[in-house]
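First comes the structure, then the notes that go with it.
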Ligand SMILES: Nc1ncnc2c1ncn2[C@@H]1O[C@H](COP(=O)(O)OP(=O)(O)OP(=O)(O)O)[C@@H](O)[C@H]1O
Ligand SMILES: [Mg+2]
């Protein structure tokens, strides 16, 4: 487990960019953290590093947004407003499409996540404005190697 503090939005973006430099197909990044903690900021940083030029907006209504035009396809999910069956999302398909999956509020679908994944919990600090503590937990060898390379 790693603990990284970022002091502003830019540092969170840089962290995402560093992780992108170690990307691999079928990578899954699970983001957890309160509203406004920085999950979408992280996703934007990663997407930009992939070369995706479209604006990244939270996929509120369709839950899953696809960005096919980067170095690897990006599948951005935000399951906060998920209603109905998780099964209906066909998540497993996305985990094996050869792209990168980034899931906001992944803790809400804990039982449906792949065994191997990168978990990032973002904590807002009460006393330091714009600081975030990211608790990063790599599960599986590929993610451990990624963290060793980047952190
Ligand atoms: N260190 C930091 N890292 C990331 N974002 C930060 C940081 N400091 C301040 N911010 C601000 O916090 C906000 C994070 O918003 P963001 O939309 O990424 O949150 P979120 O976790 O995706 O929320 P939601 O659960 O509503 O989707 C932005 O306004 C950003 O500028
Ligand atoms: Mg968000």
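How many residues does the stretch 29-74 contain that are within 23 Å of residue 107 (Cβ to Cβ), away from ligand 2 (no atom under 12 Å from the Cβ) and out of contact with any helix residue (DSSP H, G or I) (no Cβ under 6 Å at 6 or more places or on another chain)?
Taking the stretch 29-74 as the starting set, the residues that turn out to be within 23 Å of residue 107 (Cβ to Cβ) are 29-47, 56-66, 74.
Next cut, away from ligand 2 (no atom under 12 Å from the Cβ) only: 29-30, 45-47, 61-64, 66, 74.
Narrowing further to those that are out of contact with any helix residue (DSSP H, G or I) (no Cβ under 6 Å at 6 or more places or on another chain): 29, 47, 61-64, 66.
Looking only at that region, the number is 7.
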Answer residue from the stretch 13-43, given it is more than 20 Å from residue 59 (Cα to Cα) and either touching a strand residue (DSSP E or B) at 6+ places or on another chain (Cβ under 7 Å) or at pLDDT below 95 (or both) and is nearest to ligand 1 (Cβ to nearest atom) among those: 15
Residues that are part of a strand (DSSP E or B) and farther than 18 Å from residue 17 by Cβ, drawn from the stretch 68-82: 75, 77, 78
Failed item in (1) part of a strand (DSSP E or B); (2) closer than 22 Å to residue 141 by Cβ; (3) free of Cβ contacts under 8 Å to residues at least 24 places away in the same chain, with residue 65 passing the rest: (2)
Every pair of residues 6+ apart whose Cβ atoms lie under 6 Å, when the first sits in the stretch 102-130 and is within 17 Å of residue 64 (Cβ to Cβ) and part of a loop (DSSP other than H, G, I, E, B) while the second is away from ligand 1 (no atom under 15 Å from the Cβ) and modelled with pLDDT of 95 or more: 114/28; 114/95
Residue satisfying condition, being under 21 Å from residue 144 (Cα atoms), touching a residue at least 40 places away in the same chain (Cβ under 8 Å) and surrounded by fewer than 15 Cβ atoms within 10 Å (Cβ to Cβ), within set 23, 3: 3
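Tell me, please, whether a residue that is closer than 26 Å to residue 96 by Cβ and touching a helix residue (DSSP H, G or I) at 6+ places or on another chain (Cβ under 8 Å) can be found in the stretch 5-13. Before you say what the answer is, go through the steps one by one.
Applying the first criterion (closer than 26 Å to residue 96 by Cβ) to the stretch 5-13 yields none.
No, every residue in the stretch 5-13 fails to be closer than 26 Å to residue 96 by Cβ and touching a helix residue (DSSP H, G or I) at 6+ places or on another chain (Cβ under 8 Å).
The values are calculated or read from the model by the stated rules, or taken from the named source; none is laboratory data. Computed from a predicted structure; not experimentally measured. No Cβ is skipped: glycine too gets one built from the backbone with ideal geometry, and neighbour counts run over all protein chains shown.
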